[in-house]
Structure formats: C-alpha cells, structure tokens
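> The structure is given below, and queries will be raised subsequently.
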C-alpha cells in the first residue's frame, strides 16, 4: 500500500496518544523517559524506554515509513477472576506505523529476555485479534538486539535528519562530487571543499545526506569521519532492519 498521498487529518485525531508518559511505576520497573522533536511527524514524540527511543529513531530514518503514532489506541482486555466476576483493563500498544508497501503495522516494543507473563500473553492475543479485525499486522519488536554498531549509527544519524541552514547551497555540489569519485571517506569528501569553506561546515551536510538515504555506507560498522560512503541509495538498509527475525517476532 502507498501512503504518501494521504492528508492524515482523521488519523491525527483518532490516534492521539492514549496515555501519559511518566515515571509513576519506575520504583518497581525502572525506565528512562524523554521526548524528541519528530521531523517526520512535525511534533514532539515521547518515549518511556530506551527501546522505544531507539525504535522511534529508526522510524525517523526509514524513508519508507510515512507516518507513525505512539500509544495510538486503547484495547479492552477482559477476564474472569477466581470468583467468576468479569474484570478488565485497557491496554495501550506502543506504536502504529504507516509504511509504504505494507498494511498498517501495530507494534509492542519490548526488552529481549524479559519475563513472559500471563498479562503479556493476554495483551499479545488481544492486540493480534484487534489488528486482524482492522486489516493491520501486529508484531512484538526488540530493538536492542540490533548490533551495537547499528544502534550507535541510528542514534547518531537521527540528529542529522533536519537540514542545516545553507545546506541547499552545497548539497548539489557534494552529490556531484561523490558521484564523480564513486566512493570516498567522509572526511576526504568534506576536505575537497576546503579551498572555499571550512570542511567542518561540510561534515553535517554529508551526515544529513546519509541520514536521508542519499549516500550509503556499511550500516554494520560504526560511522566515523573515515567511513567510506557512496552515492548508491541507502534507504533500503534501514527498511531491512524491520525484517530481521531477531528484532521482529
């Protein structure tokens, strides 16, 4: 499915966050909360774990992800207690993703190796049923099983998605130069412009072109100034992480 032409007005209302991010139960389940400005959603996105933060950064970098909504829906879960009385609670899955080529994707974000409780199994069962009824797909995702180098690259490059001021002046020339060279280290490419501008001003633009998929590099090696880059499109590398069987279950 292609999602680029939607106006997202109804989704923006329907999938507003259904819970508030706080540390209310951090004394029994420690976690880190925070927020960042999403260039993809044009709004502040909150997270309450490093797993969530890492996965949301990945969504920001994946060019095939058009839109995503955190804590998007309430799913009612009912059960019978020992006396046969009906009890229940409302479960909020972590994120709903609209990605080109796929039906809407509902995700629960978890820490690998954590205990599998009855509550967790019930939540999965009801999330899957809810998703099937709406024509969505449901998965549990474990972002921190990604290699450490990949995690570091995701965190680093997310900070360069937003285009720096005056970048448009240099982007065509940088792309043209790397197209001529075919492959070059980041620092050497920046230094090619040293007769006109301090290479330190070119480096953030190169990182921006990597973060937005214009330039490619070996995602499995931690990016540095000496990393070799090329002009082959990079956008599919972030997309492929979604199909890693260790990450998605």
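Every read-out reported here was derived from the displayed coordinates using simple, explicitly stated rules and does not represent laboratory data. Every value quoted in this text rests on a predicted model; they were computed, and no experiment measured them. Reconstructed Cβ throughout: ideal geometry from the backbone, glycine too, with neighbour counts over all protein chains shown.
> Taking a temperature of 37 °C and a viscosity of 0.692 mPa s, what whole-number D in µm²/s does Stokes-Einstein yield for segment 148-242 with Rh from Kirkwood over alpha carbon pairs?
The diffusion coefficient I find is 246 µm²/s.
> Follow-up question, since we're still on this one. With only alpha-carbon pairs counted, each pair once and no self-pairs, how large is the Kirkwood hydrodynamic radius of segment 9-145 in angstroms?
Numbers: mean 1/r = 0.0624 Å⁻¹.
When all Cα pairs of segment 9-145 are included, the Kirkwood radius is 16.0 Å.
> Treating segment 136-184 as a set of equal point scatterers at the Cα positions, no solvent, please give the Debye-formula log₁₀ I(q)/I(0) at q = 0.17, 0.26 Å⁻¹.
The computed values of log10 I(q)/I(0) come out as -0.79, -0.99.
> Note down the relative contact order for segment 48-166 as a percent, whole number, built from C-alpha pairs under 8 angstrom at least six residues apart. Provide the component values of the computation, followed by the final result.
On the way: 159 pairs, mean separation 33.4, N = 119.
Computed over segment 48-166, the figure is 28 percent.
> Let me ask you something else. Quick check: the distance between the Cα centres of segment 172-238 and segment 51-111, to the nearest angstrom?
35
> What are the principal axis extents of the Cα atoms in the chain, in Å, biggest first?
80, 38, 30
> Here's another thing I want to ask about it. Against the longest principal axis of the chain, how steep is helix 50-61, in degrees 0 to 90 to the nearest 10, with axes from Cα atoms?
Once rounded, one gets 50 degrees.
> Okay, next question. So what's the back-of-envelope 222 nm ellipticity for the chain, counting only DSSP H runs of four-plus at -39500 (n - 2.57) apiece and dividing by all residues, rounded to 500?
Numbers: 8 runs with 86 residues, N = 249.
Result for the chain: -10500 deg cm²/dmol, rounded to the nearest 500.
> Follow-up question, since we're still on this one. With angles folded into 0 to 90 degrees, how steeply does helix 148-158 sit against the dominant principal axis of the chain? Use alpha carbons for both and round to 10.
Around 80 degrees separate the two axes.
> Ranked from highest to lowest mean number of other Cβ atoms within 10 Å per residue, what is the order of the peptides 70-79, 152-161, 192-201?
Most protected by this proxy first, the peptides run 152-161, 70-79, 192-201.
> In addition: What FRET efficiency would be calculated for the residue pair residue 1, residue 187, taking the C-beta separation as r and a Förster radius of 45 Å, to the nearest 0.05? Provide the component values of the computation, followed by the final result.
Numbers: r = 41 Å, r/R0 = 0.91.
Using R0 = 45 Å, I get an efficiency of 0.65.
> If contacts are Cα pairs under 8 angstrom and at least 6 residues apart, what is the relative contact order of the chain in percent? Before the final figure, lay out each step's value.
Details: 385 pairs, mean separation 43.5, N = 249.
Relative contact order, the chain: 17 percent.
> Report the calculated FRET efficiency for residue 179 and residue 10 (r = Cβ-Cβ distance, R0 = 41 Å), to the nearest 0.05. Could the numbers behind the result be given before it?
Values: r = 42 Å, r/R0 = 1.02.
E between residue 179 and residue 10, to the nearest 0.05, is 0.45.
> What angle, in degrees between 0 and 90 and rounded to the nearest 10, separates the Cα long axis of helix 118-134 from the longest principal axis of the Cα atoms of the chain?
That works out to roughly 70 degrees.
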